[in-house]
């Protein structure tokens, strides 16, 4: 499977390096705008700066250069190009959870449970919580990812009561929540000798254990505020840091401002990449139509599709049984795609067991494939068909993308337009924009997802099975 390749930078991307002095930069960029490639270009610029400076002053210490991603798959995807760019400088390419686990000194004394959901906490622990069990776990994750341990009073006094439309929280309720949900959660962890990733982040906020001279932090919209505080606290005094973000692709319910995490963003260290270089016009318009009703903020960038290559095929939406969806996809691959040169991704919200029938059919058809969900090493074989969850393909690209078996029950929303619905739209649009040439979505009529009707009818071709 092909990993990220070096490409010639566009004039828009080269402007990022007009100022080569050490400072921390933010790149806001649309899907397909080359954010990751641009960030790796700045890795090269930062390394050149430090090589020159250290040579001039006779400093023989190695440059501390790190590329941090949110998930394992993106880490694996960018690693080879980052190492190629670094040349004779050692660059650590790591996903954040791995970095924290490797450097947290007390991990051997505790059992790590990644998130509150992974704790398997008995419901009676939260019997006095003012929220349902599921919402309690989500709110705990939000609070402990947004606020430092000594800032919980800020949550009570300052948090918006209508941050999510799933439930509201007035001041008294938030105080009750701290008392009857957050504190019991902390007590449960301590009594069972558990820690979660929020605990690790709090440690790195309070303790400087590293000194990043050159840093790339990719897909920052998926980090929590405390994740970013932990990263920023490890920067050297004269760091060359690059933080890449697009909240139009945010797929987790996390919120932060650059000011609160410790970055002072000014015009000279803030850049926006809007031009979509990856997708055809047809794919770009298809994805953008789904985002029309999604709320955007200042860190979001909708792509400028005017320079996209025209003349591609309209995306296909296939309505029919899953067997028919897959049959259509397999025929298309065999008749139209050169698997020696082109890459294919089958994406699903859940993945894993939901791919069982797909795996069997691909094997029966003689189509070799690899699986990339949460893989820390990029597949080195010749298979050019990848199976992955949607969450694991953030930052990746393929020639052709197939999302089959779409159903409402695979997503967490109740109504059109609610927070969960917007999250689903961002997730599906992100999956669509992984494709450079063709896209196919598939669903069964009886379980048609609500968001299918949000696509503009002139942006796709509809196929129906028997």
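For segment 438-466, which residues satisfy the criterion of being more than 26 Å from residue 397 (Cβ to Cβ), surrounded by 13 or more Cβ atoms within 10 Å (Cβ to Cβ) and in contact (Cβ under 8 Å) with a residue 60 or more places away in the chain?
If the condition is that a residue be more than 26 Å from residue 397 (Cβ to Cβ), surrounded by 13 or more Cβ atoms within 10 Å (Cβ to Cβ) and in contact (Cβ under 8 Å) with a residue 60 or more places away in the chain, then 444, 448, 465 are the ones that fit.
Does residue 124 count as outside the structural domain of residue 213 (by TED's automatic domain parsing) and either without any contact (Cβ under 8 Å) to a residue 40 or more places away in the chain or farther than 28 Å from residue 17 by Cβ (or both)?
yes
Name the one entry in 9, 74 that is in contact (Cβ under 8 Å) with a residue 40 or more places away in the chain and either part of a helix (DSSP H, G or I) or out of contact with any strand residue (DSSP E or B) (no Cβ under 8 Å at 6 or more places or on another chain) (or both).
So the residue among 9, 74 that is in contact (Cβ under 8 Å) with a residue 40 or more places away in the chain and either part of a helix (DSSP H, G or I) or out of contact with any strand residue (DSSP E or B) (no Cβ under 8 Å at 6 or more places or on another chain) (or both) is 74.
Does segment 95-104 include one or more residues that are within 26 Å of residue 378 (Cβ to Cβ), surrounded by 17 or more Cβ atoms within 10 Å (Cβ to Cβ) and touching a strand residue (DSSP E or B) at 6+ places or on another chain (Cβ under 6 Å)?
yes
Residues that are touching a strand residue (DSSP E or B) at 6+ places or on another chain (Cβ under 8 Å), buried (at least 20 other Cβ atoms within 10 Å of the Cβ) and in a strand (DSSP E or B): does segment 246-263 have at least one?
no
Among the residues of segment 32-49, is there at least one that is over 30 Å from residue 211 (Cβ atoms) and buried (at least 23 other Cβ atoms within 10 Å of the Cβ)?
Yes: segment 32-49 contains one or more residues that are over 30 Å from residue 211 (Cβ atoms) and buried (at least 23 other Cβ atoms within 10 Å of the Cβ).
Go through the residues of segment 106-113 one by one and say whether even a single one is assigned to a strand (DSSP E or B) and at pLDDT 90 or above.
Yes, the conditions are met somewhere in segment 106-113.
Residue check, residue 98 against (1) under 25 Å from residue 343 (Cα atoms); (2) within 18 Å of the chain's Cα centre (by Cα), all met but one. Which one?
Status for residue 98: all satisfied but (1).
The rows are residues; the columns are (1) surrounded by fewer than 24 Cβ atoms within 10 Å (Cβ to Cβ); (2) free of Cβ contacts under 8 Å to residues at least 40 places away in the same chain; (3) touching a helix residue (DSSP H, G or I) at 6+ places or on another chain (Cβ under 6 Å).
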{"site": "191", "(1), (2), (3)": "yes, yes, no"}
{"site": "195", "(1), (2), (3)": "yes, no, no"}
{"site": "204", "(1), (2), (3)": "yes, no, yes"}
{"site": "208", "(1), (2), (3)": "yes, yes, no"}
{"site": "213", "(1), (2), (3)": "no, no, yes"}
{"site": "225", "(1), (2), (3)": "yes, no, yes"}
{"site": "231", "(1), (2), (3)": "no, no, no"}
{"site": "236", "(1), (2), (3)": "yes, no, no"}
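Given the residues 386, 424, which is the only one that is farther than 16 Å from residue 346 by Cβ and buried (at least 23 other Cβ atoms within 10 Å of the Cβ)?
Just one listed residue meets the conditions, 424.
Tell me which residues, restricted to segment 1-60, are under 21 Å from residue 75 (Cβ atoms) and more than 25 Å from the chain's Cα centre (by Cα).
Across segment 1-60, the qualifying residue is only 47.
Which numbered condition in (1) more than 17 Å from the chain's Cα centre (by Cα); (2) in a loop (DSSP other than H, G, I, E, B) is the only one that residue 81 fails?
(2)
Only one of (1) at pLDDT 85 or above; (2) assigned to a loop (DSSP other than H, G, I, E, B); (3) farther than 23 Å from residue 394 by Cα is not met by residue 19, so which one is it?
The number of the failed condition is (1).
Among the residues of segment 264-293, count how many are in a loop (DSSP other than H, G, I, E, B) and either within 16 Å of residue 25 (Cβ to Cβ) or modelled with pLDDT of 80 or more (or both).
Looking only at that region, the number is 10.
Out of the residues in segment 362-373 meeting the condition of being surrounded by fewer than 16 Cβ atoms within 10 Å (Cβ to Cβ) and touching a residue at least 12 places away in the same chain (Cβ under 8 Å), tell me which one is farthest from residue 97 (Cα to Cα).
Top of the filtered list is 365.
Can you tell me which condition residue 86 does not meet? The list is (1) in contact with a strand residue (DSSP E or B) (Cβ under 8 Å, 6 or more places away or on another chain); (2) under 25 Å from residue 276 (Cα atoms); (3) modelled with pLDDT under 85, and all the others hold.
Here residue 86 clears every test but (2).
The values are calculated or read from the model by the stated rules, or taken from the named source; none is laboratory data. For clarity, every value in this text was computed on a predicted model and none was experimentally measured. Glycine also receives a Cβ, built like all others from the backbone with ideal geometry; neighbour counts cover every protein chain displayed.
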